[in-house]
Amino acid sequence: AQRVTQPEKLLSVFKGAPVELKCNYSYSGSPELFWYVQYSRQRLQLLLRHISRESIKGFTADLNKGETSFHLKKPFAQEEDSAMYYCALGPSGSARQLTFGSGTQLTVLP
Amino acid sequence: GAGVSQSPSNKVTEKGKDVELRCDPISGHTALYWYRQSLGQGLEFLIYFQGNSAPDKSGLPSDRFSAERTGGSVSTLTIQRTQQEDSAVYLCASIRAGDSRAYNEQFFGPGTRLTVL
């Protein structure tokens, strides 16, 4: 079965420190991985996707098929990075829906 | 342009009552999803509409849940005889489906927070 695991429900770091949000997945096919972010009082939105190999707001994520991981990293965290982060795996089933992890609440302390 | 909108933003109801949640997708987006976000959980897929095709209802948790999409645009999620475990945030998302080479970005609405007393 398809599954996404985010082991940390809460993560706190100080401003300027590196941050890594962990995501592991299980999927028998060729995965498409995404990170979605939800800032306070805002709607859920796409942060980045692995196929684009992009860096958004200083965040990067590398797909490691050997370790089945897609960890989100940023070398220097900022206070505005505080948000809920969801790792997502797709597609799944005929609906091509995303399978989401349970999320990690990141708090960047001043 | 306008994003995905949902109404109401909050709904408090009594156990056993029926509720209707509405979603207006982005104009031109042919595919629409409903998800449920429970406290401490990820987003749980409920149902998917794509164009005029029959909806994929594989994620609906029980027959108390149903949804329809009229005219290929607005969608309504109905929960009959609500239970306390139905309390959650219900999210709607739409995508500009059609590109089979890559998965299209899902655009989410603000959600409806349902509380069943």
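The values are calculated or read from the model by the stated rules, or taken from the named source; none is laboratory data. Only a predicted model underlies this, so the values are computations on that prediction, with no experimental measurement involved. Virtual Cβ from ideal backbone geometry, glycine too; neighbours counted across all protein chains shown.
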Could we say that B:Glu105 is at pLDDT 90 or above, under 30 Å from A:Leu10 (Cβ atoms) and of a type in the set (Asp, Glu) here? no
May I ask you to say which residue of A:Arg43, A:Arg49, A:Arg96, A:Arg53 is within 10 Å of the chain's Cα centre (by Cα) and modelled with pLDDT under 95? A:Arg49
Qualifying strands (runs of 3 or more DSSP E) (wholly inside the range A:1-103; at least 2 residues being among the hydrophobic types (A, V, I, L, M, F, W, C) and in contact (Cβ under 8 Å) with a residue 60 or more places away in the chain): A:10-14, A:19-21, A:83-92, A:97-100
Going residue by residue through the range A:47-63, is there one that turns out to be surrounded by 17 or more Cβ atoms within 10 Å (Cβ to Cβ) and closer than 26 Å to B:Ser9 by Cα? yes
Filtering the range B:48-60 down to residues that are under 12 Å from the mean Cα position of the chain (by Cα) and facing chain A (nearest Cβ under 8 Å), which residue is surrounded by the fewest Cβ atoms within 10 Å (Cβ to Cβ)? B:Gly59
Scan the range B:15-43 for residues that are among the charged types (D, E, K, R) and closer than 26 Å to B:Ala2 by Cβ and jot them down. B:Glu20, B:Arg22, B:Asp24, B:Arg36
Mind listing whichever residues of the range B:80-98 are under 11 Å from the mean Cα position of the chain (by Cα) and of a type in the set (A, V, I, L, M)? B:Val89, B:Leu91, B:Ala93
Filter pass, A:Thr60 being of a type in the set (Val, Ile, Thr) and under 11 Å from the mean Cα position of the chain (by Cα): yes
Counting only residues in the range A:70-96 that are out of contact with any Asp or Glu (no Cβ under 8 Å at 6 or more places or on another chain) and within 11 Å of chain B (Cβ to nearest Cβ), the one surrounded by the most Cβ atoms within 10 Å (Cβ to Cβ) is identified as A:Cys87
Taking the range B:5-34, which residues are at pLDDT 95 or above, in contact with a Cys (Cβ under 8 Å, 6 or more places away or on another chain) and within 12 Å of chain A (Cβ to nearest Cβ)? B:Ser5, B:Gln6, B:Trp34
All-but-one check, B:Ile79 against (1) more than 12 Å from chain A (Cβ to nearest Cβ); (2) in contact with a Cys (Cβ under 6 Å, 6 or more places away or on another chain), failing number (2)
Mind checking whether some residue in the range B:94-107 is in contact with a Leu (Cβ under 8 Å, 6 or more places away or on another chain) and within 20 Å of B:Glu14 (Cα to Cα)? no
(1) within 30 Å of B:Ser9 (Cα to Cα); (2) among the polar types (S, T, N, Q); (3) within 14 Å of chain B (Cβ to nearest Cβ): which one isn't true of A:Thr107, the others all being true? (3)
I'm trying to understand the selection: among the residues of the range B:1-16, which are outside any loop (DSSP other than H, G, I, E, B) and surrounded by 15 or more Cβ atoms within 10 Å (Cβ to Cβ)? B:Ser5, B:Gln6, B:Lys11, B:Thr13
